[in-house]
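Working notes, beginning with the structure itself.
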């Protein structure tokens with residue numbers, strides 16, 4: 001791919017990120033500062049800090065914490081894939097003669113229509129709060145069978161699981177923001193996810209659902225050679 005310029009219709013314009021210096025492209029630190037200026041990251045990062053403090057206060061650290069964290073990390077590519085497919089790309093349904101669409105799908109369509117608008121890249125504040133509550137509930141429920149299988153303090157598992165899950169969500173948000181920010185990709189890994197996400201936006205919205213990794217797409221079969229995939233007329237509108 002080479003040194004890809006950051007001025008295209010899928011990347012925010014250079015002036016969307018305030019830089020610490022007047023000349024030159026946006027640096028990683030500039031993008032991070034712009035990310036932190038957005039409405040939702042303070043809530044998400046604040047939740048990570050609170051859970052970290054709570055987990056430290058609980059103590060009882062053991063090898064089980066590593067097992068739980070590795071399990072969550074291993075599941076992340078597939079959870080990310082499923083959320084992207086079944087929540088963000090969910091089609092409208094007919095109910096009593098009315099066409100009803102999920103709010104997540106409607107907002108994600110707006111992102112596909114204007115992928116270079118950084119304000120539409122991240123989850124809105126209410127979306128972050130909903131996800132945080134859902135993550136906490138799921139981890140609390142899962143902590144019961146985990147405690148039976150591994151033994152040890154169940155509440156520590158629940159807190160640790162929520163902490164790792166919040167950190168994963170924060171990493172997803174930052175990665176997605178950086179992909180659309182006017183930042184030149186560096187490193188083989190970031191170039192791969194940068195390229196695949198653009199293929200999802202402009203080539204065909206039915207493939208390349210991974211944002212932080214390509215693992216889910218590789219395993220499930222949605223990471224084809226882009227030359228074999230026809231260009232979709234609905235990649236921008238998401239309307240069938």
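Taking interchain pairs and intrachain pairs at least six residues apart, which have beta carbon atoms under 6 angstrom, with the first residue in segment 77-95 and surrounded by fewer than 13 Cβ atoms within 10 Å (Cβ to Cβ) and the second outside any helix (DSSP H, G or I)?
Cβ pairs passing all conditions: 93/100.
Within segment 190-197, can one find any residue that is touching a helix residue (DSSP H, G or I) at 6+ places or on another chain (Cβ under 7 Å) and not in a helix (DSSP H, G or I)?
no
Specify the residue that is farthest from residue 51 (Cα to Cα); the eligible residues are those in segment 139-154 that are touching a residue at least 12 places away in the same chain (Cβ under 8 Å) and assigned to a helix (DSSP H, G or I).
Per the criteria, the residue is 150.
Of these, 166, 183, 157, which one is buried (at least 20 other Cβ atoms within 10 Å of the Cβ), assigned to a loop (DSSP other than H, G, I, E, B) and in contact with a helix residue (DSSP H, G or I) (Cβ under 7 Å, 6 or more places away or on another chain)? Steps first, answer last, please.
Details: 166 fails: assigned to a loop (DSSP other than H, G, I, E, B); 157 fails: assigned to a loop (DSSP other than H, G, I, E, B).
Answer to the selection: 183.
So is residue 26 surrounded by 14 or more Cβ atoms within 10 Å (Cβ to Cβ), part of a loop (DSSP other than H, G, I, E, B) and at pLDDT 85 or above or not?
no
The values are calculated or read from the model by the stated rules, or taken from the named source; none is laboratory data. For clarity, every value in this text was computed on a predicted model and none was experimentally measured. Quick reminder, even Gly has a Cβ in these numbers, built from the backbone with ideal geometry, and neighbours come from all protein chains shown.
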